[in-house]
1. Answer yes or no as to whether Ser251 is among the polar types (S, T, N, Q) and modelled with pLDDT of 90 or more.
2. All but one of (1) at pLDDT 80 or above; (2) loosely packed, with under 10 Cβ neighbours inside 10 Å; (3) farther than 27 Å from Leu256 by Cβ hold for Pro320, so report the exception by its number.
3. So Ser109 fits all but one of (1) closer than 16 Å to Ala48 by Cβ; (2) part of a helix (DSSP H, G or I); (3) not basic (Lys, Arg); what number is the exception?
4. In the set Ala116, Ala126, which member is buried (at least 16 other Cβ atoms within 10 Å of the Cβ), within 20 Å of Val89 (Cα to Cα) and without any contact (Cβ under 8 Å) to a residue 40 or more places away in the chain?
5. Take Val89 and tell me if it is under 25 Å from the mean Cα position of the chain (by Cα), outside any loop (DSSP other than H, G, I, E, B) and surrounded by fewer than 19 Cβ atoms within 10 Å (Cβ to Cβ).
6. Please go through segment 70-86 and pick out each residue that is surrounded by 15 or more Cβ atoms within 10 Å (Cβ to Cβ) and either assigned to a helix (DSSP H, G or I) or at pLDDT 95 or above (or both).
7. Could you please find all residues in segment 1-40 being more than 20 Å from Val89 (Cβ to Cβ), aliphatic (A, V, I, L, M) and at pLDDT below 90?
8. Between residues in segment 229-245 that are among the aromatic types (Phe, Trp, Tyr) and residues that are part of a helix (DSSP H, G or I), which pairs lie under 8 Å by C-beta distance while being six or more apart or on different chains?
Amino acid sequence: MSEAHSTQNRSSAYLDALSQAIHKKLQRALANSSQRRNLLQELFADVALEVDDRAKEVIVNKEEDAIGPAEDVLDGPLCFYDVLADYFVRVPGSGKPILDLIVQLWSQSFSSHIFALLFHKWLFEAQIDKPEVLLRYSSALVQGATDVFWIDIQTNTRRFQSLFLYLLEDVALDHNRLNKIPVQAQRDMYLLLSRFILFYNSADKVDNFLKQCPNFPTAFLIGGPADIFVTELTDQLQKLKVEPVLLHYLSEIKVLQGMELRMTTSTRLKTCLYSFTSPGGPMYPTRAVRHAAWEALDLLFPVGRYPRHLISLFFRLLYPWYWPSSCWNFVMACLQALYYSLIGFIYSTWDNFTKPKSQ
């Protein structure tokens with residue numbers, strides 16, 4: 001018992017030291033206007049760092065989960081912001097001086113990033129009586145989360161997945177927490193999660209997510225929850241420039257199959273997918289992206305599949321410089337299919353030959 005208590009005290013002391021270090025760097029940023037952006041960027045990088053093994057032994061208490069999240073609970077790496085966010089919920093006094101300084105640096109780059117990482121749990125657990133302060137914090141959370149999620153997009157990593165999962169599972173799907181922030185912030189949160197839910201491998205939660213959609217004043221114009229979700233997802237697809245991320249979205253987009261959408265929403269999605277099926281501008285999609293887009297388009301919109309492919313072939317014939325690569329890919333695909341068929345035939349023949357005959 002005393003050993004566990006000693007471990008917990010050591011963990012708390014370590015996290016308190018980290019809090020003081022963050023406070024000092026924020027003070028330096030506030031006092032030094034010329035280096036302010038660099039200092040805030042360094043601080044953001046520090047809190048987003050993965051916890052090394054030596055620090056993890058101190059921070060993570062295997063016997064008591066109160067200190068921080070256990071490593072096997074998270075899908076991604078355990079980062080400093082994960083344990084600090086929990087710590088500021090349990091010990092609000094340690095986070096208050098940091099929060100006060102962030103508010104003073106509110107308009108600076110990376111301030112909302114740091115706030116979102118360190119105080120995303122505190123915001124939904126603390127009692128904030130002033131509506132204008134709550135709206136300011138909520139808006140900063142959405143803005144900061146948007147920026148850090150885009151960092152994951154650009155680098156094709158999942159470093160901030162735990163932040164996303166908290167906002168999705170513990171906030172968006174939990175009325176008690178979601179209702180703590182203003183309605184406008186709830187709408188912004190819904191739009192934010194709609195754009196990144198497929199990226200963070202949460203397609204299985206889309207149905208429950210759509211049921212929690214807040215009321216939008218322009219719903220009669222933009223449609224219901226599914227229309228809002230697909231519209232945001234379509235806009236996100238058009239912004240993606242990282243090929244592996246785009247391929248991931250196109251592979252996960254099958255979750256939209258069977259959704260009842262307005263004609264305008266359906267046409268918008270179909271046009272977006274179709275834009276990825278042709279080589280050249282303005283998208284300049286790779287061959288892998290074109291094939292993934294065709295698969296998604298044929299799956300979601302099976303009606304008119306063959307006419308679409310014929311029209312696409314006709315337009316391809318208008319650009320002779322694409323013929324050599326198309327012919328080469330066609331020949332290679334045929335040879336590959338023939339090779340696998342031959343291997344399968346040989347394997348099945350050998351299996352039948354070696355199989356003992358029944359008496």
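The values are calculated or read from the model by the stated rules, or taken from the named source; none is laboratory data. All values reported here derive from a predicted model rather than from experimental measurement. In this analysis, Cβ positions are derived from the backbone assuming ideal geometry, glycine residues included, and neighbour counts consider all displayed protein chains.
1. Numbers: among the polar types (S, T, N, Q): yes; modelled with pLDDT of 90 or more: yes.
Judged against the criteria, Ser251 is a match.
2. All conditions are met except number (1).
3. (2)
4. Numbers: Ala116 fails: without any contact (Cβ under 8 Å) to a residue 40 or more places away in the chain.
The unique qualifying residue is Ala126.
5. yes
6. Correct list: Phe80, Tyr81, Asp82, Val83, Leu84, Ala85, Asp86.
7. Matches in segment 1-40: Met1, Ala4.
8. Going by the 8 Å Cβ cut-off, the qualifying pairs are Phe229/Ser194; Phe229/Val206; Phe229/Phe209; Phe229/Leu210.
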